[in-house]
1. What's the number of the only condition in (1) more than 25 Å from SER18 (Cβ to Cβ); (2) open to solvent by less than 50 Å² (accessible area, probe 1.4 Å) that HIS144 fails to meet?
2. Which one is modelled with the highest pLDDT among residues in region 104-141 that are touching a helix residue (DSSP H, G or I) at 6+ places or on another chain (Cβ under 7 Å) and open to solvent by less than 20 Å² (accessible area, probe 1.4 Å)?
3. Inspect region 100-120 for any residue being farther than 16 Å from ILE142 by Cα and in contact (Cβ under 8 Å) with a residue 40 or more places away in the chain and give the result as yes or no.
4. Could you tell me whether region 64-85 includes any residue that is in contact with a helix residue (DSSP H, G or I) (Cβ under 6 Å, 6 or more places away or on another chain), touching a residue at least 40 places away in the same chain (Cβ under 8 Å) and more than 27 Å from GLN154 (Cβ to Cβ)?
5. Restricting the search to region 27-85, which residues are among the acidic types (Asp, Glu), open to solvent by less than 50 Å² (accessible area, probe 1.4 Å) and in a loop (DSSP other than H, G, I, E, B)?
6. Quick check on this structure: which one of GLU45, GLU81, GLU71 is among the charged types (D, E, K, R) and either within 14 Å of THR2 (Cβ to Cβ) or at pLDDT 95 or above (or both)?
7. Quick one: what pairs do we get from region 18-35, first residue among the polar types (S, T, N, Q), second modelled with pLDDT of 95 or more, C-beta under 6 Å, 6+ apart or different chains?
Amino acid sequence: MTAYTWFDNTPAASPDISHPVVHREAGGTGTYEDPVTLAVGHSLETGKDVLDIPSGTRIYIPNVRRYFIVEDTCGDGPTPEHGPCHSGAEEYGGSVWIDMWIGGEGESSSLARRCTGQVTGVRTAVFNPRADYAVASGKGVIHHGKCDAGYGDQLATK
């Protein structure tokens with residue numbers, strides 16, 4: 001699991017996303033009804049943009065106590081299937097690479113970098129989760145000058 005921010009999105013300093021479902025641009029509060037944007041690996045081998053996980057898939061991440069939804073692609077260039085987002089998870093003991101939007105617009109780039117480091121690693125992710133898991137307060141992972149992470153991998157209900 002990695003994270004991307006306002007500062008390192010493609011294009012940089014933007015909330016642009018490639019496969020909108022709930023949002024027109026990256027965002028969300030993290031509730032079941034308003035999940036945060038999530039990017040996944042993709043391939044252009046067939047001449048079409050094929051996501052590793054279908055757009056619209058909801059995922060709950062206990063470490064940040066938020067729901068996410070696949071709405072964006074992770075990996076740039078003409079052959080994203082050769083990048084880590086598409087094929088690098090196994091190297092780190094994971095089964096799939098997901099890249100969560102943590103925001104950062106209006107915050108410092110150093111806070112965004114620190115937060116990215118805090119949430120990166122092999123973590124628990126619940127695919128197609130039920131709607132009653134605990135959600136941390138605040139809009140998104142970076143809010144009010146802090147990185148809201150570190151809850152661990154245990155599932156907690158409301």
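1. The number of the failed condition is (2).
2. Of everything passing the filter in region 104-141, VAL141 is modelled with the highest pLDDT.
3. Applying the first criterion (farther than 16 Å from ILE142 by Cα) to region 100-120 yields none.
The answer is no; no qualifying residue exists.
4. No, the conditions are met nowhere in region 64-85.
5. Going through region 27-85, the residues among the acidic types (Asp, Glu) turn out to be 33-34, 45, 49, 52, 71-72, 76, 81.
Now drop any that are not open to solvent by less than 50 Å² (accessible area, probe 1.4 Å), which leaves 34, 71-72, 81.
Of everything in region 27-85, just one residue is among the acidic types (Asp, Glu), open to solvent by less than 50 Å² (accessible area, probe 1.4 Å) and in a loop (DSSP other than H, G, I, E, B), namely ASP34.
6. Details: GLU45 fails: either within 14 Å of THR2 (Cβ to Cβ) or at pLDDT 95 or above (or both); GLU81 fails: either within 14 Å of THR2 (Cβ to Cβ) or at pLDDT 95 or above (or both).
Of the residues listed, the single one that is among the charged types (D, E, K, R) and either within 14 Å of THR2 (Cβ to Cβ) or at pLDDT 95 or above (or both) is GLU71.
7. From region 18-35, the pairs are THR31/VAL135.
The values are calculated or read from the model by the stated rules, or taken from the named source; none is laboratory data. This one's a predicted model, so the numbers in the text were calculated from it and none came from an experiment. FYI the Cβ positions are ideal-geometry reconstructions off the backbone, even for glycines, and counts take in every protein chain you see. To get the accessible areas, we keep the full protein, side chains included, count just its heavy atoms, and leave off ligands, DNA and RNA. Shrake-Rupley method; radii C 1.70, N 1.55, O 1.52, S 1.80 Å.
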